[in-house]
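This report concerns only the one structure given below.
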Amino acid sequence: MLGFLSARQTGLEDPLRLRRAASTRRVLGLELNKDRDVERVHGGGINTLDIEPVEGRYMLSGGSDGVIVLYDLENSSRQPYYTCKAVCSVDRYHPDVHKYSVETVQWYPHDTGMFTSSSFDKTLKVWDTNTLQTADVFNFEETVYSHHMSPVSTKHCLVAVGTRGPKVQLCDLKSGSCSHILQGHRQEILAVSWSPRYDYILATASADSRVKLWDVRRASGCLITLDQHNGEKSQAVESANTAHNGKVNGLCFTSDGLHLLTVGTDNRMRLWNSSNGENTLVNYGKVCNNSKKGLKFTVSSGCSSEFVFVPYGSTIAVYTVYSGEQITMLKGHYKSVDCCVFQSNLQELYSGSRDCNILAWVPSLYEPVPDDDETTKSQLNPAFEDAWSSSDEG
Amino acid sequence: MSFSQEVDPNVAPGAPPHRPRVPGRACSWRDPIRCRRGARPGGGGAGICVGTTPSSTGLRDDKLTPLSSSRLGTYGEGGSPGLLGGTPGEAVRHCSAPEDPIFRLSSLYPYLFPGIIKSRDMSRKRHRLVPETTGLKRRRKEGPVESDPLRGELGSARAAVSELMQLFPRGLFEDALPPIALRSQVYSLVPDRTVADRQLKELQEQGEIRIVQLGFDLDAHGIIFTEDYRTRVLKACDGRPYAGAVQKFLASVLPACGDLSFQQEQMTQTFGFRDSEITHLVNAGVLTVRDAGSWWLAVPGAGRFIKYFVKGRQAVLGMVRKAKYRELLLSELLGRRAPAVVRLGLTYHVHDLIGAQLVDCISTTSGTLLRLPET
């Protein structure tokens, strides 16, 4: 590390390299820290987490009790011990609360004034954060499994919604109604994700084992159906291509949008080249996946070699993305983990599970020194300690 | 002087890793006592003298002189009598020793200080994980270790495939089937799966091996040498009505297309097969239906192999499951008599189980242990 600093100072190395090396080192040191935890508000399992992309300070969580909670992750106290408090929440007494379990929440990508949430009660609600009122509600015929809004797009405000029906619906926030339907899947859509690189590219994953890449401007169907065997590409073949040998549960683009990761109930995770749909054949081994709904996993960003954090039963498995090696399993939850998010500014991981807890995994680079009872006192050099006392004897 | 003599035995062979302290946390002289658990009396004493902050913080210099006298007080209290274990006398002597040896000792602090007894291996593992530059230090993965009975193979997938072909019992099928190895078996011999996949893909592209979908599990791929496949298929279809179609298939399609599956358009347009010929191929067992208009490549007569394989796999898994604590030493498993259901050989199945991650491979001091995963 000192070598990096001096190389950066003398101009021998790019500053970005130091930042990447430090981020990677911190991610490798992720572990549960007794000094940090997240206030427990949910009464049911936590299905989804999202950290706002602007500052990385506020986190939304949606639970299977229909409650949505907003946490402040920033440590503004001087103490090392810090609990992330809930700033506000849409609880069961709120008039607009979702009736059933909330499956996905997402911040509005450009600021924290708004967020969207979708739930099993067949609605997608758009909330105003400051007043905690619903600004808009979209109703669907089927239960909503997942929704996503493009993180980079400035040209459109479409929210892609995946429901139990085989059609992907695109809802326009500006006009307040559903503007597009993408047809092509045969069963329920378990995950949708916009590309972080291009405004109009959308990936959808369905229970019929297929993952399709769409350009939403194109009228005539999907661009590519991903094929795990990398067979011949021809139009008629599309129907036989499968991305996994079971339901495809989760989708995640890497932070540069060049690759796409998918997980399926065949206990495999696959890495795809998102421009031509080719299976890169990186083998992560068995990635246990028993989830009947979507699995929300996440990729780190800003490290020299990216890591993917996948919920694996009641642990979180960490793999390097491009080489497939398993780095570690983060153990800490009591029941199965449903979702995890990565805070890329501080290299912290937050995970929510069915045991109603959100755990914070914080990089620990130094061995913690055993607690000293006189920590507060010994901060100060005795020479500077205030010896003044108000008693008459003093 | 006695002081320096006491120093020497404490220079432990192999210095413990330097533990960077959280700066700002000044040590109190009571720290070392607590940490001294289990250390030798002399060593403990020397450790106490040195203190726990690295010289870089500079706090130690302030602390030494004013507090050394107060330490006598703490010793008088009998801070941790159990730990000191009868050496208060020596410790006191260290306190009253002149300043020089203490400063000299400080430079040896990383070697003397026994360290906090708290999960040393975790810290060692973590230091191993921290990358030097941008290269990552890999932690030893709990995968198949170099255990004698199974692992002679390091590196190439090709060598692994050849070795696995030796394990295949040809006599069982009267030589009508080409020797088949499974992809999961290759994983158990080649440690890095991605590398194994890439090498197999290269071999497939060069035309040396064919990968075939074995029907029972969409994930199980069989690997066959192309030459073996060709000879066996020709022998099997000898004199039958579909021989012509099969020969045409082997001559034109096999070298051209290395995929696992074939589509309608491909067969009719590119290779000029008629529907009747495709039906012949399906009857011959060379193609199996996958979907409307697409077929998997198949091995004729592989049905028996698949039946033995599935039964054998279940039987070997059952052997591990019935063991106490659902775990078995690899050497013990290989030494047991195979149940009659296992026709393909215990080693064959064990390779497959390890590679398919149906059992967890744990390295122990008595060899590799196979344990059923909890999930």
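Return yes or no: is A:I189 under 29 Å from A:N290 (Cβ atoms), β-branched (V, I, T) and at pLDDT below 90? No; evaluated as a whole, the condition is false for this residue. Among the residues making up the range A:356-387, those that are at pLDDT 70 or above, assigned to a loop (DSSP other than H, G, I, E, B) and either surrounded by 17 or more Cβ atoms within 10 Å (Cβ to Cβ) or hydroxyl-bearing (S, T, Y) (or both) are A:C356, A:N357, A:S364, A:Y366. Within the range B:306-346, the set of residues being under 21 Å from B:L369 (Cα atoms), in contact with a Leu (Cβ under 8 Å, 6 or more places away or on another chain) and in a helix (DSSP H, G or I) comprises B:G312, B:R313, B:V316, B:L317, B:M319, B:V320, B:R321, B:R326, B:L330, B:L333, B:L334, B:L346.
From the list A:L251, A:L260, A:L281, exactly one residue is in contact with a Cys (Cβ under 8 Å, 6 or more places away or on another chain) and either of a type in the set (A, V, I, L, M) or under 22 Å from A:V318 (Cβ atoms) (or both). Which is it?
Values: A:L251 fails: in contact with a Cys (Cβ under 8 Å, 6 or more places away or on another chain); A:L281 fails: in contact with a Cys (Cβ under 8 Å, 6 or more places away or on another chain).
That would be A:L260, the only listed residue that is in contact with a Cys (Cβ under 8 Å, 6 or more places away or on another chain) and either of a type in the set (A, V, I, L, M) or under 22 Å from A:V318 (Cβ atoms) (or both).
Residue-wise test of (1) under 17 Å from the mean Cα position of the chain (by Cα); (2) surrounded by 19 or more Cβ atoms within 10 Å (Cβ to Cβ); (3) touching a residue at least 40 places away in the same chain (Cβ under 8 Å).
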{"position": "A:W194", "(1), (2), (3)": "yes, yes, yes"}
{"position": "A:S209", "(1), (2), (3)": "no, yes, yes"}
{"position": "A:D215", "(1), (2), (3)": "no, no, no"}
{"position": "A:D227", "(1), (2), (3)": "no, yes, yes"}
{"position": "A:V263", "(1), (2), (3)": "yes, yes, yes"}
{"position": "A:R270", "(1), (2), (3)": "no, yes, yes"}
{"position": "A:S275", "(1), (2), (3)": "no, no, no"}
{"position": "A:G294", "(1), (2), (3)": "yes, yes, yes"}
{"position": "A:T298", "(1), (2), (3)": "yes, yes, yes"}
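Has the range B:282-304 got at least one residue that is among the basic types (K, R), over 30 Å from the mean Cα position of the chain (by Cα), part of a helix (DSSP H, G or I) and away from chain A (no Cβ under 14 Å)? Yes.
Taking the range B:354-370 as the range and being surrounded by fewer than 22 Cβ atoms within 10 Å (Cβ to Cβ) and assigned to a helix (DSSP H, G or I) as the test, no residue passes. The residues listed here are A:N267, A:N283, A:N249, A:N279; of these, the one that is under 24 Å from B:S261 (Cα atoms) and more than 9 Å from chain B (Cβ to nearest Cβ) is A:N279.
Quickly run through the range B:265-287 and pick out the residues that are out of contact with any helix residue (DSSP H, G or I) (no Cβ under 7 Å at 6 or more places or on another chain) and of a type outside the set (G, A, S).
At the first step, the residues of the range B:265-287 found to be out of contact with any helix residue (DSSP H, G or I) (no Cβ under 7 Å at 6 or more places or on another chain) are B:266, B:268-270, B:272, B:274-276, B:279, B:282-283, B:285.
Answer for the range B:265-287, where residues must be out of contact with any helix residue (DSSP H, G or I) (no Cβ under 7 Å at 6 or more places or on another chain) and of a type outside the set (G, A, S): B:Q266, B:T268, B:Q269, B:T270, B:R274, B:D275, B:T279, B:V282, B:N283.
Against the list (1) within 14 Å of another protein chain (Cβ to nearest Cβ); (2) farther than 25 Å from B:A181 by Cα, the condition B:E277 fails is (1). Here is the figure for the range B:190-232: residues that are farther than 17 Å from B:A356 by Cα, aliphatic (A, V, I, L, M) and out of contact with any helix residue (DSSP H, G or I) (no Cβ under 7 Å at 6 or more places or on another chain) total 1.
Let's see how each residue does on (1) buried (at least 22 other Cβ atoms within 10 Å of the Cβ); (2) within 14 Å of chain B (Cβ to nearest Cβ); (3) more than 30 Å from A:S6 (Cβ to Cβ); (4) touching an Asp or Glu at 6+ places or on another chain (Cβ under 8 Å):
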| position | (1), (2), (3), (4) |
| --- | --- |
| A:R17 | no, yes, no, no |
| A:A21 | yes, yes, no, no |
| A:G44 | no, no, yes, yes |
| A:Y58 | no, no, yes, yes |
| A:G63 | yes, no, yes, no |
| A:I68 | yes, no, yes, no |
| A:Y71 | yes, no, yes, yes |
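Could you check the range A:303-344 and list, in sequence order, the residues that are among the small types (G, A, S), within 13 Å of chain B (Cβ to nearest Cβ) and surrounded by fewer than 22 Cβ atoms within 10 Å (Cβ to Cβ)? It would help to see each step written out before you state the result.
Going through the range A:303-344, the residues among the small types (G, A, S) turn out to be A:304-305, A:313-314, A:317, A:323-324, A:332, A:336, A:344.
Going one step further and asking which of them are within 13 Å of chain B (Cβ to nearest Cβ), we end up with A:304-305, A:313-314, A:317, A:323-324, A:336.
A:S304, A:S305, A:G313, A:S314, A:S323, A:G324, A:S336, listed by residue number.
Within the range B:153-206, the only residue that satisfies the criterion of being within 14 Å of chain A (Cβ to nearest Cβ), of a type in the set (S, T, N, Q) and over 20 Å from the mean Cα position of the chain (by Cα) is B:Q204. Here the strands (runs of 3 or more DSSP E) wholly within the range A:25-132 that include at least 1 residues being within 30 Å of A:L365 (Cβ to Cβ) are A:30-32, A:36-38, A:46-51, A:58-63, A:68-72, A:82-84, A:86-90, A:102-107.
Anything in the range B:212-268 that is more than 14 Å from chain A (Cβ to nearest Cβ) and polar (S, T, N, Q)? List them, or say none. Those that are more than 14 Å from chain A (Cβ to nearest Cβ) and polar (S, T, N, Q): B:T226, B:T231, B:Q247, B:S252.
Residue check: A:C222 meets all listed conditions (1) buried (at least 20 other Cβ atoms within 10 Å of the Cβ); (2) part of a loop (DSSP other than H, G, I, E, B); (3) under 23 Å from the mean Cα position of the chain (by Cα); (4) more than 12 Å from chain B (Cβ to nearest Cβ) but one, namely (3).
The values are calculated or read from the model by the stated rules, or taken from the named source; none is laboratory data. Keep in mind the model is a prediction, meaning the values are calculated, not measured. We place every Cβ from the backbone using ideal geometry, glycine too, and count neighbours over all the protein chains shown.
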